Amino acid sequence: MLKNRNLVDPMDFTEEELDEVFSLAESIIDHPEAYVHKCEGKILATLFFEPSTRTRLSFESAMLRLGGRVLGFSEADSSSAAKGESLADTIRTVSQYSDIIAMRHPREGSATLATQHASVPFINAGDGGHHHPTQTLTDLLTIRRIKHRFDHLNIGLCGDLKFGRTTHSLTKAMARYANVHFTFISPEELRVPEYIRYNLSQKDVPYQEVERLESVIGNLDVLYMTRVQKERFFNEEDYVRLKDSYILDREKLRHAKDDLTVLHPLPRVNEIAVEVDDDPRACYFEQVRYGVFARMALIMKLLGV
């Protein structure tokens, strides 16, 4: 029996495979009518042990647009996990009901564990503060559509870089391309983890760490904003102290390039002022749209349809 192909880490796909996924996604964007029956008779299971709006609904939208069906749950309390069932047994069971699984779980390493027990292709939809590879596919597709390249870019990542799994995954993925420079913008307490900095240093990928967005915004080609995640804090006082550290507003954007691309994985709290939404450089809702097409292409790739 052939081993299932899974997506747990953004590095699971080669650059060539990513290009195939993005080319397929762009074909879907341009010719959606050609793909409406590609997954007829197939079932996607969405197992969300953690709250989600965009990721869960975009997976469901993706499968429905491909002609498939969806089953699953949107919170752990509505599954047998509330009765003490192990994750391994949940995955073994759901594999009997579906053709492909997408799972979000609050525990780091849960996605790797799931692949050891899944008998169908598995997609990591976020495992704690570890990885969020399908958001990375979304981010990369958005950059490709808007910038038309992945190389020669100065990418700023701003906000919660310690717990922000989207920033970890995007950094790992973009570090593979030529002449990419990273600018990490965060308070000392929310710095990017040491292993990310170590990996960049080992690959001779240039980066800098700063605390003031205003000091670097004029140099950036892409600005990836993130919220300070309350659910990752053990101490509410620390969250309250740091939650408003960075707010992108019209005044700060005055100093940015005219072709800056502003991204955000959402949900937004107040780190991007509403007044920015009408700025042509604000691409985060366009990013949401591309997320559906990225996941459609991924589902097709893993199912081999």
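A quick yes/no check of all residues on (1) out of contact with any Phe, Trp or Tyr (no Cβ under 8 Å at 6 or more places or on another chain); (2) assigned to a helix (DSSP H, G or I); (3) surrounded by 15 or more Cβ atoms within 10 Å (Cβ to Cβ); (4) modelled with pLDDT of 95 or more:
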site: GLU214; (1), (2), (3), (4): yes, yes, no, no
site: ARG241; (1), (2), (3), (4): yes, yes, no, no
site: LYS257; (1), (2), (3), (4): yes, no, yes, yes
site: LEU266; (1), (2), (3), (4): no, no, yes, no
site: PHE285; (1), (2), (3), (4): yes, yes, no, yes
site: GLY291; (1), (2), (3), (4): yes, yes, yes, yes
site: MET296; (1), (2), (3), (4): no, yes, yes, yes
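Inspection of the stretch 174-182 finds a residue satisfying the criterion of being more than 15 Å from PRO265 (Cα to Cα), in contact with a Gly (Cβ under 9 Å, 6 or more places away or on another chain), modelled with pLDDT of 95 or more and crowded, with 23+ Cβ neighbours inside 10 Å.
Using the structure shown, decide if LEU137 is over 26 Å from SER61 (Cβ atoms), touching a residue at least 24 places away in the same chain (Cβ under 8 Å) and in contact with a strand residue (DSSP E or B) (Cβ under 9 Å, 6 or more places away or on another chain). No; evaluated as a whole, the condition is false for this residue. Out of all the residues in the stretch 29-55, which are surrounded by fewer than 16 Cβ atoms within 10 Å (Cβ to Cβ) and polar (S, T, N, Q)? Matches in the stretch 29-55: THR53 only. Test VAL262 against the criterion of being within 21 Å of HIS168 (Cα to Cα), surrounded by 14 or more Cβ atoms within 10 Å (Cβ to Cβ) and at pLDDT 95 or above, and give yes or no. So VAL262 fits the description; yes. Against the numbered list (1) in the same structural domain as GLU214 (by TED's automatic domain parsing); (2) touching a Lys or Arg at 6+ places or on another chain (Cβ under 9 Å), THR55 comes up short only at (1). Residues that are more than 19 Å from the chain's Cα centre (by Cα) and over 13 Å from THR261 (Cα atoms) are absent from the stretch 130-141 altogether. Taking the criterion of being touching a residue at least 60 places away in the same chain (Cβ under 8 Å) and touching a Leu at 6+ places or on another chain (Cβ under 9 Å), the residues of the stretch 30-48 that qualify are TYR35, LYS38, CYS39, LYS42, LEU44, THR46. Just one of (1) over 12 Å from ALA294 (Cβ atoms); (2) modelled with pLDDT of 95 or more; (3) polar (S, T, N, Q) trips up THR53, so point out which. Single failed check for THR53: (2).
The values are calculated or read from the model by the stated rules, or taken from the named source; none is laboratory data. This one's a predicted model, so the numbers in the text were calculated from it and none came from an experiment. All Cβ positions, glycine included, derive from the backbone under ideal geometry; neighbour counts span all protein chains shown.
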